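One structure below.
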Ligand SMILES: NC(=O)c1ccc[n+]([C@@H]2O[C@H](COP(=O)([O-])OP(=O)(O)OC[C@H]3O[C@@H](n4cnc5c(N)ncnc54)[C@H](O)[C@@H]3O)[C@@H](O)[C@H]2O)c1
């Protein structure tokens, strides 16, 4: 028996519930401590209550974790990542987005030399592990005959307008929150090359951005819509293979998909409905992270590429 991975979970808000649910199912981990200044009571984990602290600095005085999971508001990620890199030897799983801007990314890069940034920092790009995305990526790989992806349209809606200023405090903006999910999902299908336009509206609660990509040697464009002005969550993407007339439609909310050409239904995908959506993302994500060979989509270089494209001043065509 190898020793269980000692985990420290920092931030006990909405997404921490999913981390706790997935970690609780893994016999290879032990939750050693939690951190959240906004909460006094420890969490219950597999029938016990791990130590709880009000700040990460103090927690790292007392614990030697193997993995620190950062599930705190987006604008705290960079500072807490630096702290955990310098005050521990743990690997870090940072919630997406890794950082809130390119300057914060540069500061993390500067730590290389003092800490193994590229070897220790992983980002929870969970949409890249969603079952319908996995299905569509395999379909694409097995159909070179469909030619390149020539256009993508993706629309991600979250009902965060109901959470008011709290949503901006946790997630910054719709483009910061959903844009990074859309970009990490797209890395499964195409090679992103650059932001070509960015328009944020509704004080940051909505966005319309375009990103160029390469697919099978050709250039295409992805149109990315996101907004919090909705009563329910709804997320869909469509991939068009313009040369062959094939379209792949994936519904990220329902975790379903289909491929069609004209009136021909070419392939379909559904799930058995037993696994909640976020667990369906984070379960394979942790499998990959703890496998010894984490998927590159979790790695620092992917997060750096996504951050630079996401935070770029759009290139004139
Ligand atoms: N909610 C989701 O569905 C979801 C999904 C994927 C990723 N994320 C990402 O996860 C992060 C957190 O999102 P959330 O929805 O859980 O937010 P949240 O606001 O519900 O929770 C954040 C928690 O972090 C705590 N916190 C704040 N500063 C802290 C600090 N310095 N140290 C320790 N704890 C601190 C807060 O008290 C709060 O309990 C965000 O970056 C978000 O983009 C969220």
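Condition check for residue 128 on (1) surrounded by fewer than 24 Cβ atoms within 10 Å (Cβ to Cβ); (2) in a helix (DSSP H, G or I); (3) away from the ligand (no atom under 11 Å from the Cβ): one failure, at (1). May I ask you to list the residues in region 164-176 that are within 9 Å of the ligand (Cβ to nearest atom) and over 19 Å from residue 196 (Cα atoms)? Selection gives 166, 167, 169, 170, 171, 172. Within region 77-121, the set of residues being free of Cβ contacts under 8 Å to residues at least 12 places away in the same chain and either within 15 Å of the ligand (Cβ to nearest atom) or buried (at least 21 other Cβ atoms within 10 Å of the Cβ) (or both) comprises just one member, 79.
Scanning region 1-22 for residues that are away from the ligand (no atom under 11 Å from the Cβ) and surrounded by fewer than 22 Cβ atoms within 10 Å (Cβ to Cβ) yields 1, 2, 3, 4, 5, 6, 20, 21, 22.
Condition check ((1) modelled with pLDDT under 95; (2) buried (at least 18 other Cβ atoms within 10 Å of the Cβ); (3) outside the structural domain of residue 176 (by TED's automatic domain parsing)) across all residues:
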{"site": "207", "(1), (2), (3)": "no, yes, no"}
{"site": "214", "(1), (2), (3)": "no, no, no"}
{"site": "222", "(1), (2), (3)": "no, yes, no"}
{"site": "241", "(1), (2), (3)": "no, yes, no"}
{"site": "252", "(1), (2), (3)": "no, yes, no"}
{"site": "261", "(1), (2), (3)": "no, no, no"}
{"site": "297", "(1), (2), (3)": "no, yes, yes"}
{"site": "301", "(1), (2), (3)": "no, no, yes"}
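Within region 24-60, the set of residues being assigned to a helix (DSSP H, G or I) and either farther than 21 Å from residue 81 by Cα or away from the ligand (no atom under 15 Å from the Cβ) (or both) comprises 24 only. When residue 138 is tested against the conditions (1) away from the ligand (no atom under 12 Å from the Cβ); (2) more than 23 Å from residue 278 (Cβ to Cβ); (3) surrounded by fewer than 18 Cβ atoms within 10 Å (Cβ to Cβ), the lone failure is (2). Output yes when any residue across region 42-65 is surrounded by 14 or more Cβ atoms within 10 Å (Cβ to Cβ) and within 18 Å of the chain's Cα centre (by Cα), and no when none is. Scanning region 42-65, I find no residue that is surrounded by 14 or more Cβ atoms within 10 Å (Cβ to Cβ) and within 18 Å of the chain's Cα centre (by Cα), so the answer is no. Scanning region 64-76 for residues that are in a loop (DSSP other than H, G, I, E, B) and within 10 Å of the ligand (Cβ to nearest atom) yields 71, 72, 73. Report whether or not residue 133 is closer than 16 Å to residue 282 by Cα, within 15 Å of the ligand (Cβ to nearest atom) and assigned by TED's automatic domain parsing to the domain that holds residue 217. Yes: the conditions hold for residue 133.
The values are calculated or read from the model by the stated rules, or taken from the named source; none is laboratory data. What you see is a predicted model, and the numbers here were worked out from it, not measured in a lab. All Cβ positions, even for glycine, are placed from backbone atoms using ideal geometry, and neighbour counts span all protein chains on display.
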